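Just so it is clear, none of the values below were taken in a lab; they were calculated from the coordinates. For clarity, every value in this text was computed on a predicted model and none was experimentally measured. We place every Cβ from the backbone using ideal geometry, glycine too, and count neighbours over all the protein chains shown.
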Amino acid sequence: MSTPNLKIEDLHVAIDDKEIIKGLSFEINGGEIHAVMGPNGTGKSTLSAALMGHPKYEVTGGKAFFNGEDLLEMDVDERAKAGLFLAMQYPSEVSGITNADFLRSAINAKREEGDEISLMKFIRELDKKMEVLEMDSSFAHRYLNEGFSGGEKKRNEILQLMMLEPKIAILDEIDSGLDIDALKIVAKGVNEMRSPDFGCLIITHYQRLLNYIKPDKVHVMMQGRIVKSGGPELAERLEAEGYDWIKEELGIEDETVGQEA
Amino acid sequence: MSVDTSFKFDKDYVSKFSSERQEPSWLAELRLQALEQAQSLPMPKPEKTKIDNWNFTEFKHEVSGNKQVAFHELPEAIRELIGKEEEAGSVLVIRNGAVAYHSVTEELKDKGVIFTDFATAVREHGDLVRNYFMKDAVHVDEHRLTALHAALVSSGAFVYVPKNVEVDIPIQAIYFNDDGETGIFNHVLIVTEDNSSVTYVENYLSTNDESPSVANIVSEVFAGAGAKVIYGAVDNFAKGMTTYVNRRGRAARDGRIEWALGQLNDGNTISDNTTHLVGDGSYTDKKTVSIGRGDQKQNFVAHAIHYGKHSESYILTHGVMKDTASSIFNGIAKIEHGATKSNGEQTERVLMLSEKARGDANPILLIDEDDVTAGHAASVGTIDPIQLFYLMSRGISKTEAERLIIHGFLAPVVGEIPLESVKSRLIEVIERKVK
């Protein structure tokens, strides 16, 4: 199996005709963990949603390749089947479908007809992964995200990540709203996934998640572009000094795009 | 409007039909009178649904089914509905208007329970049937279709449960037309005496996708004092069938009638499900799911009328609309003056899968008494694109994601249905219809 690869070239993304991502390029491979950091309103979540194919975001320019194939030509489910995963900041609630049924449908969607995962194996895997994430087994039988607290939803996203075993995962602010214990658990789940066949793009405001999931590279986003890249030390400096020094360095006054206020 | 029903069926035809079946004279007379009324009575006027050009006339009335067969000779589709012969309990199968299979457990017979087809019931239990048939629940002269029903009723079932008898295993009826043209004039009469209980489950099926026919169905359910009736139904007529179905209940003091209806016809349908809560402390619960597809038009009424004090009604309707189908869902809780401390609750939800479909949810509360509680909720919505995105982002195809959302939407009703057999049959039919 070749190493997973996600390559983005000069990407432009708009929402309601307003350009949010303005020419963004980067590349991530299996075995690597990248962090994309930046203040609010700089286009981080737009980037992740657009890569997954969110219906509200329109790619207006540039290219994206997933393992050499044109990602932007694929439907949302094809992107997932190819091995892309997005852990969402605000996952939908779907009434009437249990978490377990949903997960099993998702796993089987990737498999050939006749090669569906056996119920026993599925339950075993699910139990194991829920244990890692310290989730009560009752969550398997609750309706998908319905009535889950913010933290429970985040754990549920990581549970899906672990069950679906994608090649490249994007975690969109998976740390927001988590207390330190929950953060550690979520990080434990992600760290279990680490392998040469798995690449991970972590989108976050804060450095604290990166204490538990060590990134290989750190990118800073402002005004819809990556304005600076470096190693883990960059995240530490951001945590200590904030973003102003970068703005100064680059002569940026307002780092946001598409801000409402 | 002129719906010409005058008339392939004249007095001679109806008299002959009745006498060939050796019916008691009261029924022969009732039929003739009804036939006469049918000529002058207007058609029903379902709210917001035009039925002027619906087919109510083109069907064959002569019964084409003719013989009873052994269980293993029934069509496979029917055997699947019944389950294993030895576990099926009491079963009645009517095929093209005639009894194809009938079995009643010894236990039921010993307890004095009657479960038989309509034609046999009027011959063998005429007086009992006469006491209830189209008198206090559904009236002959409500409109042309009720009158036609009385004039032409050809089949159905009669269930009688004596005082204090509890029937533990659901009794099942299957009404099945596969000759393409025979109309269904079915009358189901369920009478439960005080403190008895019974569960009745019916399946309606037909194969006439192309050829036109008519179903004119009336069910009358009487729950005696303290009696409990659970009535499950899955309607699944083919496209060619125009259906009028009226299921009505009357509950005496502390009587309970619980309806679980899967309204899954493919043809035009008018469905009225009304319960009269006559006695103090009486109770009804109506759970219905429906799916509209193709260009079918449907009109559903779920209606509870409270007369008794402390009476309760709960109506829960979920409908899914596809293609260019159009459905009107009317939920009505009527609380009459004097029905103090009563409670009427209703919820109607419609999920639209197509911009060209139409779905109206109309919750109506009519209250003539101050000292009551009542509530309603209604919504009509489409599939949330963000929900769809979420499911698809896990590799689930759009079709499968929509299927999951539809199942999820219907689950609160399907999941609440107290009968496993109805539940699994519903899931199966829903699966087929939402594809």
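Taking a 19 Å limit on the Cα-Cα distance, which of the listed pairs A:184/A:214; A:153/A:217; B:8/B:297; A:128/A:214 fall beyond it?
Violating the 19 Å limit, Cα to Cα: A:153/A:217; B:8/B:297; A:128/A:214.
Given the pairs B:45/B:287; A:63/A:154; A:56/A:154; B:239/B:433, which span a C-alpha to C-alpha distance of over 18 angstrom in this model?
B:45/B:287; A:63/A:154; A:56/A:154
Per DSSP helix of 4 or more residues, -39500 (n - 2.57); summed, then divided by the residues of chain A. What does that give at 222 nm, rounded to the nearest 500?
One gets -10000 deg cm²/dmol as the mean residue ellipticity at 222 nm.
Given contacts defined as C-alpha pairs under 8 Å and at least six residues apart, what's the relative contact order of chain B, whole-number percent?
That works out to 10 percent.
Can you order the peptides B:312-320, B:17-25, A:216-224, B:99-107 by their average number of other Cβ atoms within 10 Å per residue, highest first?
B:312-320, A:216-224, B:99-107, B:17-25
When Cβ neighbours within 10 Å are restricted to other protein chains, what is their mean count per residue of peptide B:395-405?
Average per residue, whole number: 6.
What number comes out for the charge environment of residue B:322, summing +1 per Lys or Arg and -1 per Asp or Glu over other residues with Cβ under 14 Å away?
+3
Rounded to whole Hz and in sequence order, give me ³J(HN,Hα) for region A:34-40 from the Karplus expression 6.51 cos²θ - 1.76 cosθ + 1.60, θ = phi - 60°, writing x for Gly and Pro.
Working through the residues one at a time gives 10, 10, 10, 10, x, x, 4 Hz.
To the nearest 0.05, how large is the calculated FRET efficiency for residue B:111 and residue A:90 if R₀ is 60 Å and r is the Cβ-Cβ distance?
Approximately 0.55, to the nearest 0.05.
Enumerate the calculated ³J(HN,Hα) couplings along region B:314-327 in order (Karplus 6.51 cos²θ - 1.76 cosθ + 1.60, θ = phi - 60°), each rounded to whole Hz, writing x wherever the residue is Gly or Pro.
Each residue of region B:314-327 in turn: 10, 10, 10, 10, 10, x, 10, 10, 10, 6, 10, 5, 9, 9 Hz.
Based on the mean of other beta carbon atoms within 10 Å per residue, what is the order of B:265-276, B:208-219, most packed first?
B:265-276, B:208-219
What order, most packed first, do the peptides A:89-96, A:133-140, B:231-238 have when packing is the mean number of other Cβ atoms within 10 Å of each residue?
So the order, starting with the most tightly packed, is B:231-238, A:89-96, A:133-140.
How much net charge surrounds residue A:73 when only the other residues with a Cβ under 12 Å from the Cβ of residue A:73 are counted, with Lys and Arg +1 and Asp and Glu -1?
Net of charged neighbours comes to -2.
Within 10 Å of each Cβ in peptide A:161-169, how many partner chain Cβ atoms are there on average? Round it to a whole number, please.
The mean count of partner-chain Cβ atoms within 10 Å per residue comes to 1.
For every helix of n ≥ 4 consecutive DSSP H residues, a contribution of -39,500 (n - 2.57) applies; sum these over chain B, divide by its total residues, and give [θ] at 222 nm rounded to the nearest 500 deg cm²/dmol.
-7000 deg cm²/dmol
From Cα pairs below 8 angstrom and at least 6 apart in sequence, can you work out the relative contact order of region A:5-250, rounded to a whole percent?
Value for region A:5-250: 29 percent.
Give me, ordered by chain and number, the residues 5 or more places off residue B:342 or on other chains with an amide H under 5 Å from its own placed amide H.
Those qualifying (amide H under 5 Å, at least 5 residues apart or on another chain) are B:310, B:311, B:373.
Taking each residue in A:132-145, count the Cβ atoms of any other chain within 10 Å of its Cβ, then average. What number comes out?
If you average over the peptide's residues, the count of other-chain Cβ atoms is 1.
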